[in-house]
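Report on the following structure.
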Amino acid sequence: MSTRPPIVPAVVTGAVLLILAVIAVLAADAAGAGNVVLRNAGAIAGAGAPIAALVADLAGAIALGGALLAGWLLRVPADRSRAMLVVAVAVGVTTVARGLALLFSYAIATGQPVGSERFGSDLAVYLATDLGVWLLTALLVSAAATAVAVTGTSRGLARVVTVMMVAVMFCAAMTGHASGDSNHEVATSTMMVHLLAVGIWLGGLAVLQLLPATSRDDAAVVRGYSHLALIAWIALGLSGVWALGVRMNGLGDLVTSPYVQIAAAKAALLLALGAMGVLQRRQIATGLARTAPGEGLPPVAVYRRLALMELALLGLAVSLAAAMSSSPPPAEAAAPPPGPAAVLSGYALPPAPDLAAVLTQWRPDPFGMALACVLLLAWWRPTAPARERAASIRLVAGASVLVLLTSGPLNVYSKVLISAHVLQHVLLLALAGTLIGSAVTVLAALRVLVRRRTWLAALLAAAPVALLAGAYAGPLLRLALDSHVAHLGLQMLALGGGVLAVLLVRAVLGDAPDPNAQRGRRDSRAIRAVAVAGAPVLLLLVAGIVLSTTDTLLAASWFGATGRDWRMDALADQHRGGAAVIVLSVVGLLLAAATLLRGTEPVRSRTPEKTRG
């Protein structure tokens, strides 16, 4: 049986990349035709920008998908070593491509052809802009990921590289176009979901094809990847439609705008990829190791051919996306609504917060929704262990509260009322975080860390609350109101703080009390658990007292300048927010006291019933 020489796949791959590069350049030229925003920076930058974006996106996707496979799905050390070798090469290519992309972006933004006399003279100024900062950050994180990826092939190292590549995708999402300030948050969040989904899908599939046949066709690995690919396909469809919606002026752009027409072509590719996914899952269901009856190809052969076709279509979709990233969307940067609140936040001032108005004020947040979906999908993944019904109910409730707090009325009013801003973070910590933390499994490493170290557990539980209070007292609060990234960071700090606090309490208390344990031992364990739970609650109580009594308005240049014709006294509103925090803290302390009393009460002994013989 003859085998193809290694030169053949290399030539075929090179030819495919060349075709994709040509498509990216032509599509970018068509998408930016006649757009006065783009400046003529010469042929090198004009052709180099979409090619560099294409290479960076493809290599970044392979690095992310390969690291994900090595960190979670691959079980054979030799397979993980091969996958991490591919990841290391892909991350290195990503770093080089992102460096070139930064230079081409600078050339286009300043209208300076590459190699001209003035090229690079004001590069420092460009790097200080928002776009320059994110491009440079993505380059630095990618370089750091390259250094990490070449140091080993362990599962833990693969997971570290996965996290770092997620950070690179996050930075890339922040450079995406937005159609006006009011849609910037939606545009960047949907772009991040989009990039992560492409990376998991395309990268995972590409690395699978580079593994030995025994691993590439392993049923457990393929099923695990297939589940991720289905999730990625759904995420791509939803985020793509949502992102395009904020970049369009109207349905007429489907006829008049090449940018939107390229997006429509991507949508058609996504539908074709979905059809291939259905066929692939059918081959998996029949069993890849069995030969189909009749004269048809065996299921494994069909699966491999579908995978190669899927990779080709995914590469075409990425080339079109690279063209779109190098061109501005058709939506004009519309002037914000009139009024100081719109100037500050990009959103119109909401109505006075009475019951009827509050129930109708919703601003969907893609990031919060995506995070809730990830929690639920990870909870009910195919390889997940059996779940208790009560734990599943708590997790669903926590995910629902997360979406409500990040997309509901508090998300709208938090832009103009400091009381709503404070209440959103406190409820993320005390309600959503508590519910999620009470459902997920306590890591064994966390139990070992805090064993007989109640002081350490209390310190760790109180740390997120202390950091949140420090952010409010310092300049970070004003930055979070102005920057979507800092805004998301504070929300995740609050949510993660609640999850961590509950996990620490469970680690100290134990998942279930032992009725056979001695009374003193049970009392000691309950007291230590309440001490851990009380540390963050006491900090919240102190913060509430400070908020309700201070005469200093936090972020006065924002909350004091929104031009509200209702609740015009911003300091009084801050005092109301502090009072709400005090009430929530007192309720938390009462619950902790009740837990202490329940944990120290005598356990009534019961005589076990004897089984009749």
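Under 6 Å by Cβ, and 6 or more places apart or on different chains, what pairs join a residue from region 199-224 that is closer than 9 Å to residue 65 by Cα with one that is β-branched (Val, Ile, Thr)? The qualifying pairs are 203/62; 206/62; 207/86. Residue check: residue 430 meets all listed conditions (1) among the hydrophobic types (A, V, I, L, M, F, W, C); (2) open to solvent by 10 Å² or more (accessible area, probe 1.4 Å); (3) within 28 Å of residue 359 (Cβ to Cβ); (4) within 19 Å of the chain's Cα centre (by Cα) but one, namely (4).
Taking the conditions exactly as written (surrounded by fewer than 16 Cβ atoms within 10 Å (Cβ to Cβ) and among the hydrophobic types (A, V, I, L, M, F, W, C)), does residue 448 satisfy them or not? Yes. Residues in region 110-124 that are open to solvent by 50 Å² or more (accessible area, probe 1.4 Å) and polar (S, T, N, Q): 121 only. When region 352-372 is filtered for residues that are in contact (Cβ under 8 Å) with a residue 12 or more places away in the chain and assigned to a helix (DSSP H, G or I), the ones remaining, listed by number, are 358, 359, 366, 367, 368, 369, 370, 371, 372. Which numbered condition trips up residue 72, out of (1) of a type outside the set (S, T, N, Q); (2) open to solvent by less than 60 Å² (accessible area, probe 1.4 Å); (3) not in a loop (DSSP other than H, G, I, E, B)? Of everything listed in (1) of a type outside the set (S, T, N, Q); (2) open to solvent by less than 60 Å² (accessible area, probe 1.4 Å); (3) not in a loop (DSSP other than H, G, I, E, B), residue 72 misses just condition (2). Residues of region 105-125 being assigned to a loop (DSSP other than H, G, I, E, B) and touching a residue at least 40 places away in the same chain (Cβ under 8 Å), which ones? Selection gives 111, 112, 113, 114, 115, 116. Hey, any hits in region 390-413 for a residue that's farther than 27 Å from residue 196 by Cβ, among the β-branched types (Val, Ile, Thr), in contact with an Asp or Glu (Cβ under 8 Å, 6 or more places away or on another chain) and modelled with pLDDT of 95 or more? Within region 390-413, not a single residue is farther than 27 Å from residue 196 by Cβ, among the β-branched types (Val, Ile, Thr), in contact with an Asp or Glu (Cβ under 8 Å, 6 or more places away or on another chain) and modelled with pLDDT of 95 or more. Checking each residue in region 164-178 for being over 13 Å from residue 70 (Cβ atoms) and either surrounded by fewer than 17 Cβ atoms within 10 Å (Cβ to Cβ) or within 17 Å of the chain's Cα centre (by Cα) (or both) picks out 164, 166, 167, 168, 169, 170, 171, 172, 173, 174, 175, 176. Among the numbered conditions (1) buried (at least 23 other Cβ atoms within 10 Å of the Cβ); (2) farther than 20 Å from residue 319 by Cβ, the only one that residue 191 does not meet is (2).
The set of residues in region 126-150 that are of a type in the set (Ser, Thr, Tyr) and either touching a Leu at 6+ places or on another chain (Cβ under 6 Å) or not in a helix (DSSP H, G or I) (or both) contains only 129. May I ask you to verify whether residue 60 is within 17 Å of residue 197 (Cβ to Cβ), open to solvent by less than 60 Å² (accessible area, probe 1.4 Å) and in contact with a Ser or Thr (Cβ under 9 Å, 6 or more places away or on another chain)? Yes, satisfied. Please determine whether any residue of region 1-8 is assigned to a helix (DSSP H, G or I), modelled with pLDDT under 80 and open to solvent by 50 Å² or more (accessible area, probe 1.4 Å). Checking region 1-8: at least one residue is assigned to a helix (DSSP H, G or I), modelled with pLDDT under 80 and open to solvent by 50 Å² or more (accessible area, probe 1.4 Å). Residues that are among the polar types (S, T, N, Q) and open to solvent by 30 Å² or more (accessible area, probe 1.4 Å) were ranked within region 535-567; the one that is nearest to the chain's Cα centre (by Cα) is 557. The condition (being modelled with pLDDT of 90 or more, farther than 21 Å from residue 24 by Cα, open to solvent by 40 Å² or more (accessible area, probe 1.4 Å) and not hydroxyl-bearing (Ser, Thr, Tyr)) is satisfied by just one residue among 233, 242: 233.
The values are calculated or read from the model by the stated rules, or taken from the named source; none is laboratory data. As the structure is a computational prediction, the values presented were derived from the model and not from experiment. Neighbour counts run over all protein chains shown; Cβ positions are idealised from the backbone, glycine included. Remember, those area values only see protein heavy atoms, side chains included, never the ligands or the DNA or RNA. Shrake-Rupley method; radii C 1.70, N 1.55, O 1.52, S 1.80 Å.
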